[in-house]
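Below is one structure, written out as structure tokens; comments come after it.
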């Protein structure tokens, strides 16, 4: 029952060492893979590799955060943890969520997400749902999932008409959220430690143009494909 952690670095290389040190406190994670998605950054200079062992994949061209699902699909583990690079879960929080995944591996798990609602009769994705234990429509920020679910995520990208997972800008967490047997589940694991750039325009992905519209459109298409209510 071991877990592989898959990290990605693009705009926040300064966060990697802190995230890795938190992961090292987990009793379940036995492998850490870091995809450096920005070839202009020497990620090794931001890490203290004398203190821990990390498998680093230096991408040859600039690559979106969607690369984490491709990297995960190529690992031999059955269980995975992928955090966004602006959230610092503690080792105990990580283990609590891994145990939730072990207990119910039929769906992905996390800590925060979005619920579908309607505004002026139009579908909308409400955000920042957290500090509760409940089903959710879309997981955000941190993801605990199985090998089967990441493979299904890659399949769903194709079914939506994308060339591959790395073409799914703004949609990767939406796809993962439809990869289980039912809706994902979020859990209240206490206060969350976030990087101050998590809301910074130019760094935070959710602040980019067309982010919301792209996700709502994709969500509705995935509902039709999967038959999920």
Kindly rank 218-229, 155-166 from highest to lowest mean number of other beta carbons found within 10 Å of each residue. 155-166, 218-229
Exposure proxy check: 4, 117, 82 ranked by fewest other beta carbons within 10 Å? 117, 4, 82
Taking other Cβ within 10 Å of each residue's Cβ, how do 212, 20, 136 sort, fewest first? 212, 20, 136
Estimated FRET transfer efficiency when R0 is 41 angstrom, pair residue 104-residue 14 (beta carbons, to 0.05): 0.75
For a protection proxy built on the mean count of beta-carbon atoms within 10 angstrom, sort 186-192, 9-15, 68-74 highest first, please. 68-74, 9-15, 186-192
Calculated diffusion of the chain, Stokes-Einstein form, Kirkwood radius summed over Cα pairs, 37 °C and 0.692 mPa s, µm²/s: 185 µm²/s
Rounded, prolate or oblate: which fits the range 73-166, taking a ≥ b ≥ c as square roots of the Cα gyration tensor eigenvalues, rounded meaning a/c under 1.5, else prolate when a/b beats b/c? oblate
Enter the angle in degrees (range 0 to 90, nearest 10) between the Cα long axis of helix 91-103 and the first principal axis of the Cα atoms of the chain, meaning the one along which they spread out most. 50 degrees
Given 20 °C, 1.002 mPa s and a Kirkwood radius over Cα pairs, the Stokes-Einstein diffusion coefficient of the range 1-82 in µm²/s is 167 µm²/s
So for the range 94-229, using the alpha carbon gyration tensor with a ≥ b ≥ c as root eigenvalues (a/c under 1.5 gives rounded; past that, a/b versus b/c decides prolate or oblate), I'd call it rounded
If one compares the long axis through the Cα atoms of helix 211-226 with the longest principal axis of the Cα atoms of the chain, the angle in degrees, nearest 10, works out at 70 degrees
Given 0.36 nm per residue, what is the gain on full extension from residue 118 to residue 27 after removing their alpha carbon distance, in nm? 28.6 nm
How big is the range 140-198 by the Kirkwood estimate over distinct Cα pairs, in Å? 12.9 Å
Report the antiparallel proportion of the DSSP beta bridges in the range 3-226 as a percent, rounded to a multiple of 5. 55 percent
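Where a number appears in this text, it was derived from the coordinates with a stated rule and is not lab data. On a predicted model such as this, the values are computed, not experimentally measured, just so you know. Cβ atoms come from the backbone with ideal geometry, glycine included; neighbour counts cover every protein chain shown.
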